[in-house]
Amino acid sequence: MAGEFSRTSRIGDQLQKELASLIQFEVKDPRLGLVTVNEVRVAKDLGYADIYYTVLGKDDQPEIIAENQAALDSAKGFLRRRLAQEVKLRVMPHLRFHYDQSVVNGSRMSALIDEVIRDDEAKSANEDEK
């Protein structure tokens, strides 16, 4: 039971909540779109926090994703400082932002599954007519 809620996962959850709020309300970069923080993974030694994010409605536009990545990378210092004020830790992890491809991959897989089901239904309908 103790392994399910490790200290690093609790810290990651807290950082996720705070980062979502800070990015939405305090980062004033015009390149930044509607960013959703999906997950924060904190290293066991609290040296790094890997932040996985998506951009609402812009998952298929690489140039928009690159602009958002650049905006988040330039705001790292500000976000880390504000997190240190909000979350009381002896060591605040360095932030590393990563675009989360899982949403794009999931929707692509879902579309492929739907296409296979349609093809299968069409084949069974054609066989029934014979």
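The values are calculated or read from the model by the stated rules, or taken from the named source; none is laboratory data. Only a predicted model underlies this, so the values are computations on that prediction, with no experimental measurement involved. When we count neighbours, we look across all protein chains shown, and the Cβ atoms used for this are built from the backbone with ideal geometry, even at glycine. Just the protein is used for accessible areas: all its heavy atoms, side chains included, with ligands, DNA and RNA removed. Shrake-Rupley method; radii C 1.70, N 1.55, O 1.52, S 1.80 Å.
Some points to look at:
- Under 13 Å, Cβ to Cβ, from LEU112 - net charge with Lys/Arg +1 and Asp/Glu -1: -2
- For the chain, accessible area per residue (1.4 Å probe, heavy atoms of protein chains only), Å²: 68
- Under the span-like rule (Cα at least 20 Å along the axis, Kyte-Doolittle mean at least -1.0), DSSP H helices of the chain: 7-25, 102-129
- Computed in the context of the full set of protein chains, the accessible area of segment 11-65 at 1.4 Å probe radius has 52% of its extent on carbon or sulfur.
- Selected from LYS44, LYS76, LYS88 as most flexible by GNM, with the chain as the system and alpha-carbon contacts under 10 Å: LYS88
- Sparse-neighbour loop sites [GluC sites (Glu not before Pro); segment 23-87; at most 11 other C-beta within 10 Å; DSSP]: GLU26
- Max mean-square fluctuation residue, GNM over the chain, Cα-Cα springs under 10 Å, options GLN61, GLN101, GLN69: GLN61
- Among ASP50, ASP120, ASP29, residue whose mean-square fluctuation peaks in a GNM of the chain (springs only between Cα atoms under 10 Å): ASP120
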